[in-house]
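This report refers to the structure that appears directly beneath it.
The values are calculated or read from the model by the stated rules, or taken from the named source; none is laboratory data. Just so you know, these numbers come straight off a predicted model, no measurement behind them. Reconstructed Cβ throughout: ideal geometry from the backbone, glycine too, with neighbour counts over all protein chains shown.
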Amino acid sequence: MLQTLNVVLLILLIITALTACLHRNLLVAVIMLSIFSLVMGTMWVMLRAPDLALAEVVAVGVITTTFFVATIFRTDRREE
Amino acid sequence: MKKILALLLTCALAALLLYVVALLPPMGDADNPTNRHVVPRYLEQGEEEAGTRNIVAGVVLNYRGYDTMGEMAILSAALAGIFAVLGTGRKKVGNAFIDRSGVQFSFISRTAAVLLIPLIMLFSIYVIIYGTDSPGGGFQGGAAIGAGIMISTVAFGFNTAQNRLPHHVRMILEGTAISAFFLVGSAGAVGGGNFLTYMLPSLATQIQATFRTAMLLVLEFGIGITVGVICTSILFALLREEETYNVEHAG
Amino acid sequence: MWNMPVDNINYAVAMILFCIGFYTLIMRSNLIKKIIGLMVMQVSVFFFLVSVGYLTGGAAPTIIPGVAPSPMVNPLPQAMILTAIVIAVSTTALFLSLALKFYSHYGTVDMDKVKEDKR
């Protein structure tokens, strides 16, 4: 059961990372980065590291995403 | 052409890394070299030597305390770099695009912010205080404080948020972590031990443990406040637009 | 022949994520994409390092009063990755501010368009 959950989370990790890196719309890429950090937070809990789960979700998922959105709104929003 | 070359390079790198991964011992094995040499000492004597029930916090604050001091210095250095590039905003209150947007701050976001921000602040202070006994700690709580202030910036406007936390207030709060580390470390050195020793030999034996818990709390709060205020300063620097803002095009 | 223990799938996915981030960092010309690639690389390295310290059937490294101590996972990589997460946030913020200044000077965040202009 836990092994299956592990494999599902790993597949989700790869899918969100690929979408974040390859999508042309920068706003979509940044939101996918935030979802990537959320899935990684669940992965930390499965690896028995609750401190890291808290730190990752709040530092990458909230703060870095806000920095990205603030920068994207002042520069180009689309296109590579 | 360049794309195919880069793809080949990445595939070669992936093949090399996966080959090395296959040679590693299986994950989670009880007699891996990582679980045998140093770790039993940390797990068995961590609670009485570091004074915390959360062993990760004990390692971060006690066994590797210098690393945490350097981490606060890295945050301050990043803030100094951002101020050097984007300006400190000390002179006047700047504008931001979120103040000028055609859509007014909606009733939904303002109401949600009014309900959520006190709970976020309460939760972050709880995480900081209980950082030594349960998962959490200074950085997690501090980042949550920063997130709460960011939500208030987005919901109520940039000028309102900057009037609440002007530059001279933020400047004092950003130095809290390094000052706390210096004070606690000097207390250790003056009291008869080394720098950043929490159990001072010159105190009475009954109050040594209480003194250590108090010092750890001071450090956690220092780290928390500094991380929150530095993240807020970085967001203000990224949002702020000066009045003289020219975009130079080449032709 | 190359046979990987089936438990090492965490390591393999960490390496694949590293290569995805690496490709994004070197091939995409947009600065914001490069920063996203750097972030994915950093998170993959953290994932790998904490996975090395995992113990099957271990508990989180916290001593709960009243509960008999059971074998715990390795707390040392977790402490170091906690510092590393802070460093990742700092470098990302600095890189973003540099990208903003780049935009205010050249008018675009795309490196390829800048090279065409300066020819």
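Yes/no matrix, rows are residues, columns are (1) small (Gly, Ala, Ser); (2) at pLDDT below 90; (3) in contact with a helix residue (DSSP H, G or I) (Cβ under 6 Å, 6 or more places away or on another chain); (4) within 21 Å of B:PRO135 (Cβ to Cβ):
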{"site": "B:ALA30", "(1), (2), (3), (4)": "yes, yes, no, no"}
{"site": "B:GLN45", "(1), (2), (3), (4)": "no, yes, no, yes"}
{"site": "B:ALA50", "(1), (2), (3), (4)": "yes, yes, yes, yes"}
{"site": "B:ALA57", "(1), (2), (3), (4)": "yes, no, yes, yes"}
{"site": "B:VAL60", "(1), (2), (3), (4)": "no, no, yes, yes"}
{"site": "B:ASP67", "(1), (2), (3), (4)": "no, no, yes, yes"}
{"site": "B:GLU71", "(1), (2), (3), (4)": "no, no, yes, yes"}
{"site": "B:SER76", "(1), (2), (3), (4)": "yes, no, no, no"}
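Can you go through A:ARG78, A:ARG24, A:ARG48, A:ARG74 and tell me which one is among the charged types (D, E, K, R) and at positive phi? Sole residue among the options that is among the charged types (D, E, K, R) and at positive phi: A:ARG48. Can you pull out every residue in segment C:50-60 that is more than 7 Å from chain B (Cβ to nearest Cβ) and either surrounded by fewer than 19 Cβ atoms within 10 Å (Cβ to Cβ) or not aliphatic (A, V, I, L, M) (or both)? The answer is C:GLY57, C:GLY58, C:ALA59. Filtering segment C:51-98 to residues that are among the small types (Gly, Ala, Ser) and either touching a residue at least 40 places away in the same chain (Cβ under 8 Å) or assigned to a helix (DSSP H, G or I) (or both) leaves C:SER51, C:ALA79, C:ALA84, C:ALA88, C:SER90, C:ALA93, C:SER97.
For segment B:1-43, the tally of residues that are at the interface with chain C (Cβ under 7 Å from one of its Cβ atoms), surrounded by 17 or more Cβ atoms within 10 Å (Cβ to Cβ) and in a loop (DSSP other than H, G, I, E, B) stands at 1.
Filter segment B:44-58 down to residues that are more than 7 Å from chain C (Cβ to nearest Cβ) and not in a loop (DSSP other than H, G, I, E, B) and give me whichever is surrounded by the most Cβ atoms within 10 Å (Cβ to Cβ). Step by step, filter segment B:44-58, then rank; the result is B:ALA57.
Among the numbered conditions (1) modelled with pLDDT under 90; (2) closer than 27 Å to A:THR65 by Cβ, the only one that C:LEU49 does not meet is (1).
For segment A:36-59, the criterion of being buried (at least 20 other Cβ atoms within 10 Å of the Cβ), more than 19 Å from B:VAL227 (Cα to Cα), away from chain B (no Cβ under 12 Å) and among the hydroxyl-bearing types (Ser, Thr, Tyr) is satisfied by at least one residue.
Among the residues here, A:VAL7 does not qualify as closer than 18 Å to B:VAL127 by Cα, at the interface with another protein chain (Cβ under 9 Å from one of its Cβ atoms) and hydrophobic (A, V, I, L, M, F, W, C). The C-beta contact set for segment B:38-51 (first residue free of Cβ contacts under 8 Å to residues at least 12 places away in the same chain, second residue crowded, with 16+ Cβ neighbours inside 10 Å and part of a helix (DSSP H, G or I), distance under 7 angstrom, 6+ apart or interchain) comprises B:VAL39/C:LEU76. When B:PHE221, B:PHE236, B:PHE158 are screened for being of a type in the set (Phe, Trp, Tyr), closer than 25 Å to A:THR71 by Cα and within 22 Å of the chain's Cα centre (by Cα), only B:PHE236 passes.
Number of residues in segment B:59-90 that are buried (at least 21 other Cβ atoms within 10 Å of the Cβ), more than 18 Å from B:ARG170 (Cβ to Cβ) and within 8 Å of another protein chain (Cβ to nearest Cβ): the value is 4. Can you spot a residue in segment C:19-29 that is within 7 Å of another protein chain (Cβ to nearest Cβ), without any contact (Cβ under 8 Å) to a residue 60 or more places away in the chain, closer than 26 Å to B:ARG240 by Cα and part of a loop (DSSP other than H, G, I, E, B)? No, the conditions are met nowhere in segment C:19-29.
When B:PHE182, B:PHE221, B:PHE139 are screened for being free of Cβ contacts under 8 Å to residues at least 40 places away in the same chain, farther than 20 Å from B:LEU86 by Cα and aromatic (Phe, Trp, Tyr), only B:PHE182 passes. Of note, B:PHE107 satisfies the criterion of being surrounded by fewer than 16 Cβ atoms within 10 Å (Cβ to Cβ), without any contact (Cβ under 8 Å) to a residue 12 or more places away in the chain and among the aromatic types (Phe, Trp, Tyr). So is B:VAL127 farther than 30 Å from C:PHE102 by Cβ, hydrophobic (A, V, I, L, M, F, W, C) and buried (at least 20 other Cβ atoms within 10 Å of the Cβ) or not? Here the answer is yes, as B:VAL127 does meet what is asked. Here segment C:61-112 is the region considered, the condition is being within 8 Å of chain B (Cβ to nearest Cβ), closer than 25 Å to B:GLU47 by Cβ and among the polar types (S, T, N, Q), and the residue that is surrounded by the fewest Cβ atoms within 10 Å (Cβ to Cβ) is C:THR83. Of all residues in segment A:22-65, those satisfying the criterion of being over 17 Å from C:THR24 (Cα atoms) and either touching a residue at least 40 places away in the same chain (Cβ under 8 Å) or not in a helix (DSSP H, G or I) (or both) are A:MET46, A:LEU47, A:ARG48, A:ALA49.
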